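Participant: For reference, the structure I am asking about is given below.
The values are calculated or read from the model by the stated rules, or taken from the named source; none is laboratory data. Quick caveat, the model's predicted, so the values are computed rather than measured. Counting neighbours? That spans all protein chains shown, and the Cβs are built from the backbone with ideal geometry, glycine included.
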Amino acid sequence: MDKILNGNSDNSQYRPFLEELVSNRNKSTALFEPAVFFIASNERILSAYKMGYVPPSMDEALTYFESNFSAQKLKCKCKDSVLLAVPFSAHEHIDTPLYLGVVLSASAKEEPIISYLEGVVTGSGLTTKRLKKKKMFPINELLELAGYQMEFTSLANALNTCYKKNDSGSGKLVIVERSEERFVPLFYPSHWDLDHFDAVFKQQHYESKIGAEPFVLLKDSQLFENNYHYHVICAIEVENKPVSLLLFTFETEHEAQKAKDDYEQSIKEILPILEKAYIQEKDVQEAQRRDILLQVTKKFHSTMDIGEVLGEIVEAIERAYPHYHVHLLLSQEWQVNENVSIKPLKYGTESGNSTAEHAYLTGQIQVDKELEDNSKILYAPLRGKQGVYGVMEIMTSEDVHVPQYEIDFIQMLADTGGNALENAELYQQSRNLIHDLQLINETSHQLNSNLRLADTINFMTQQIIESFKAEEVGFIMFHANGEAVVLDGSTPFFKNEDSLDALEPLIRKVKRDKDPIYIGDTERHEDVQLDFYKSVLMVPMIQNNELKGMVVTVHQSSYHFTFENFKLLQSLVHHSTLAFSNSMLHEELERLVITDHLTKLFSRNHLDERIQESMYKQNQGTFLLLDIDNFKQINDTYGHQVGDDIIIQVANIMKRNIREEDIAARWGGEELAIYFPNIEVKIGQQIAERIVKAVAIETSPRVTVSIGISHWSSRESEVSLKLLFNQADTALYEAKETGKNRVVVK
C-alpha cells in the first residue's frame, strides 16, 4: 500500500492531480469518504490517494485490486469494497489510455459515481484534443460551478452563471424546459416581460423550426417585447424530442451570427452532459416521488393516529416540494402536531374561500391563480371512499409553473392521505363504539348484581365522571307527589338547595316534555343561572312511559360535552333505569318488611336479628325497653288516633337521641326498644335518662315513659337474647312499680 501511495518518479506526476481532485471533491457532496482515488494503466495502479479514514478491510481490497487490475475489470468487488474506473487520455500523441478510479464501500450507488468520474475526466482537460482558443463554456468550470452534481438544474444554473461571466456582449441567455406542451423558463432576465414570453411560447413550436440542426439562428420579433429579435437556439434532446432549449438572444443579426460561430463547438461538447444530467435528474425525481409515496403508504398502514396521519401528509408534500407552503383546511377538529398549520374549512359563508370550497365539494383539485404576487395556490381535496375530509392548501413560489404530472402526484398523495385519514377515523369510531358498548355492558352487569341503591348510584356516578370527564353528577328522583329528591351518591353540588333552585327551570322542562336536554353554554340561556358551570346534560329516567327521575351532569367549560357524550349518556340511562327501579322497589319492599308502618322504626324481627349479629361479632351491648306510662288512659281520653300520634312522637324523640348505627324498634303496642351495639351500660343509661326527660317535655298531650335496661358482655358465662330481654323486662316492671317516669338498670 505504501508503495502505491508514494509512487516512483515516473508516477509522481499524478499525485498533485489526485490531491486536487480530493480537495475539490470535499467541496461538493459527500458521496465518497472513506475512499481511495487512483490513476492506473492497463495493467496496474500507478498512484493512489486516500480520502478520510480508510478501514483495514479497504486497505486489503486495494492490495487485491493492485495485483488484479486490468482494463477488462473496470467494475469489480472484493469483500465489502468495490472498484470503479473510467478511461481517459493524458496527451494527444499517446494512444494508450489511462484510468481514473476509486475504491469505496460496496454499498455505494454506482451510477452517480461513474457519472462523477466521467465529468471529472472531461472537465479536467484529460482529453485527446485541446481547443486552441478559450471556450465559452469550459466543462471543468461548469462542473465546479455545479458542485460536481450531475443534475440538470444545477448545470443549467452553472451555464447561466458561466455565460454572464465569460460573455462581454449585449446578448442574454434564457434556458427553458419543456413542461407538457409548452416551454417554461428556468432562468431569465428579471426585466423581461415573462407573461408575454409565456403566451408566445405556448403558440410557437420551436422544435419544428430547429429541424435536424441542434444549433440554429432564428429571427423572431414576437418572442420578447423589446429589441432582442435575433435568437440562437440549441435544443437539448432526449429520445429525439426537445426537452430543453438554450436561447441566446441579441439585438443585431451580426451579434447572433458571431455567437453562433463562437459558441457552437463549446455547446456541442457540453450537450451530452446536459442530456445525461436531464435524464438522471428526472429519474432521481421520479425515484424520489416513488420513495415518498412508498414511505407515506408504509406510515399510513402502521398508524391509526389521526394526528400522525395529518402530519405525515404535510411532511410528504414538503419533502417532495421543499419550496411549497402547505396548510390543512379540515372539516373536523382533529388533534394534530403543533408544527402542522391548520386553518378552518369555511364553506357556505361570505368569509369562506370559494376555491377551497369548490375543491371540497367536488372532490377535484383546484388552482387559484388570481394572486397579487403571481404565486399560485393549489387546493387538493383529502378524498376517502366515503367522503372528503378536508383540503390541502399548497402555495407555490412566484411565477412557478406546476405541470400536470406534479398536480397528479399531489392528488395521489392527497388521496393516499385521505384514505388513511378515513381508515383512522373509522378505526377511532369503532374503538369508541366498542368502548361505549363495553361501558354499557359493564354498567348493566353491575346494576343487575343486586347492588344496594346507594352502591348503584355511587357506581354510576363514578362511571359518568370517568367516561365524560364530568365535574358534578346528580341523580334526581320524583316522588308520587312530584317532589324532586337528590339521591345519596350524587356529588356535593346537587345537595345544595341553591343548585337545585338554579336547575329548577330545566327540571320542570324535563318533567313536562320527558325529553333530554343538551346545553353547551348556560350563558346563552337566560332561564338557567349556574354561576360556574357552562355545560349541562340532563337525561330523563323513564320506565313504562312513566318519568321516574333524571340524571344531570355539569362542567365548568363551555361545550365540554360532545354530542357523542350526550347520546352515550342517554343509552346508559336507558339501560340503567330498569335496574334503578328494581333496586328502589327491592329496597322499598325490604324496608316495609323490616319497618313498623306506624312509627317507621325497625320491626321486632329485625331487632332480634341485629342483636344476634352483635352478640356473634362484638364484645358487649346495651338494650333499652321503653313503655309509655298510662297509655290506656290516653286512648280512653283522647281516642286511638291521638294515642297513635303519641307513639309516633315518642319514636321520633328516640331517633333524635341515638346514633345511625343504633337500632330503634317497635316492641309491641306502646312498648318501644333500642339496642346500642358495643356500648357500655353506663352510656346506655345516660341516653335513656335523656329520652325520659325529652318525652316529658316535648310530647303533646304530655306523657311520660318508663325504661328498663339490660346489658350483656362476652366476659359473662351466659349470654343469650332471651336472657337480655328478660332482664330488661324485669327492670321495666320495677320502674313501673316504683313510680314510673324513670330508668331502672338490671
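Participant: State which residue pairs qualify: first residue over 14 Å from Val573 (Cβ atoms) and inside segment 453-466, second residue surrounded by fewer than 15 Cβ atoms within 10 Å (Cβ to Cβ) in any location, beta carbons under 7 Å apart, and separation of 6 or more residues or different chains.
Facilitator: Leu453/Glu587; Ala454/Asp488
Participant: Please verify whether Leu173 is under 49 Å from the mean Cα position of the chain (by Cα), assigned by TED's automatic domain parsing to the domain that holds Leu217 and at pLDDT 65 or above, treating the condition exactly as stated. Outline the logic, then answer.
Facilitator: On the way: under 49 Å from the mean Cα position of the chain (by Cα): no; assigned by TED's automatic domain parsing to the domain that holds Leu217: yes; at pLDDT 65 or above: yes.
Criteria not met by Leu173.
Participant: Could you give me the residue pairs with C-beta distances under 6 Å whose first residue belongs to segment 147-162 and is within 21 Å of Glu110 (Cα to Cα), whose second residue is surrounded by fewer than 18 Cβ atoms within 10 Å (Cβ to Cβ) wherever it lies, and which are 6+ apart or on separate chains?
Facilitator: From residues that are within 21 Å of Glu110 (Cα to Cα), the pairs are Gly147/Ser28; Tyr148/Ser28; Met150/Gln280.
Participant: Among the candidates Ser70, Ser9, Ser57, Ser28, single out the residue that is part of a loop (DSSP other than H, G, I, E, B) and at pLDDT 85 or above.
Facilitator: Ser70
Participant: Go through segment 550-582 and give me each residue that's more than 22 Å from Arg431 (Cβ to Cβ) and modelled with pLDDT of 80 or more.
Facilitator: Met550, Val551, Val552, Thr553, Val554, His555, Gln556, Ser557, Ser558, Tyr559
Participant: Among the residues of segment 452-483, what is the count of those that are modelled with pLDDT of 80 or more and outside any helix (DSSP H, G or I)?
Facilitator: Selection size over segment 452-483: 10.
Participant: Against the definition (in the same structural domain as Val473 (by TED's automatic domain parsing), more than 15 Å from Glu472 (Cα to Cα), charged (D, E, K, R) and modelled with pLDDT of 80 or more), how does Lys509 come out, yes or no?
Facilitator: Working: in the same structural domain as Val473 (by TED's automatic domain parsing): yes; more than 15 Å from Glu472 (Cα to Cα): yes; charged (D, E, K, R): yes; modelled with pLDDT of 80 or more: yes.
Criteria met by Lys509.
Participant: Out of Gly668, Gly639, which single residue is surrounded by fewer than 18 Cβ atoms within 10 Å (Cβ to Cβ) and touching a residue at least 24 places away in the same chain (Cβ under 8 Å)?
Facilitator: Gly668 is the lone residue from the list that is surrounded by fewer than 18 Cβ atoms within 10 Å (Cβ to Cβ) and touching a residue at least 24 places away in the same chain (Cβ under 8 Å).
Participant: In segment 643-662, is there at least one residue being crowded, with 19+ Cβ neighbours inside 10 Å, under 23 Å from Lys746 (Cβ atoms) and of a type outside the set (A, V, I, L, M)?
Facilitator: Yes, the conditions are met somewhere in segment 643-662.
Participant: Considering only segment 636-659, state which residues are β-branched (Val, Ile, Thr) and not in a helix (DSSP H, G or I).
Facilitator: Within segment 636-659, the subset β-branched (Val, Ile, Thr) is 637, 642, 646-648, 650, 653, 658.
Scanning segment 636-659 gives a single hit, Ile658.
Participant: Output the residue which, of all residues in segment 583-628 that are surrounded by 14 or more Cβ atoms within 10 Å (Cβ to Cβ), at pLDDT below 90 and polar (S, T, N, Q), is farthest from Gly708 (Cα to Cα).
Facilitator: It comes out as Ser583.
Participant: Of these, Ile317, Ile306, Ile313, Ile270, which one is more than 20 Å from Tyr389 (Cβ to Cβ) and surrounded by 19 or more Cβ atoms within 10 Å (Cβ to Cβ)? Full working, then the answer.
Facilitator: Working: Ile317 fails: more than 20 Å from Tyr389 (Cβ to Cβ); Ile306 fails: more than 20 Å from Tyr389 (Cβ to Cβ); Ile313 fails: more than 20 Å from Tyr389 (Cβ to Cβ).
Of Ile317, Ile306, Ile313, Ile270, the one residue that is more than 20 Å from Tyr389 (Cβ to Cβ) and surrounded by 19 or more Cβ atoms within 10 Å (Cβ to Cβ) is Ile270.
Participant: Here is a follow-up. State all residues of segment 485-519 that are on the phi < 0 side of the Ramachandran plot and small (Gly, Ala, Ser); if no residue qualifies, say none. Walk me through how you get there before you give the answer.
Facilitator: Filtering segment 485-519 for residues on the phi < 0 side of the Ramachandran plot gives 485-488, 490-513, 515-519.
Across segment 485-519, the qualifying residues are Ser490, Ser499, Ala502.
Participant: Would it be correct to say that Ile270 is modelled with pLDDT of 75 or more, outside the structural domain of Gly384 (by TED's automatic domain parsing), over 30 Å from Ile407 (Cβ atoms) and touching a Leu at 6+ places or on another chain (Cβ under 7 Å)?
Facilitator: Values: modelled with pLDDT of 75 or more: yes; outside the structural domain of Gly384 (by TED's automatic domain parsing): yes; over 30 Å from Ile407 (Cβ atoms): yes; touching a Leu at 6+ places or on another chain (Cβ under 7 Å): yes.
So Ile270 fits the description; yes.
Participant: Output yes when any residue across segment 485-493 is in contact with an Asp or Glu (Cβ under 6 Å, 6 or more places away or on another chain), buried (at least 18 other Cβ atoms within 10 Å of the Cβ), at pLDDT 80 or above and part of a helix (DSSP H, G or I), and no when none is.
Facilitator: Yes - at least one qualifying residue is present in segment 485-493.
Participant: Out of everything in segment 728-746 that is touching a residue at least 40 places away in the same chain (Cβ under 8 Å) and surrounded by fewer than 21 Cβ atoms within 10 Å (Cβ to Cβ), what residue ends up being farthest from Ile647 (Cα to Cα)?
Facilitator: Val745
Participant: Moving on. Please indicate, with yes or no, whether at least one residue in segment 142-155 is modelled with pLDDT of 85 or more and of a type in the set (Ser, Thr, Tyr).
Facilitator: No, segment 142-155 contains no residue that is modelled with pLDDT of 85 or more and of a type in the set (Ser, Thr, Tyr).
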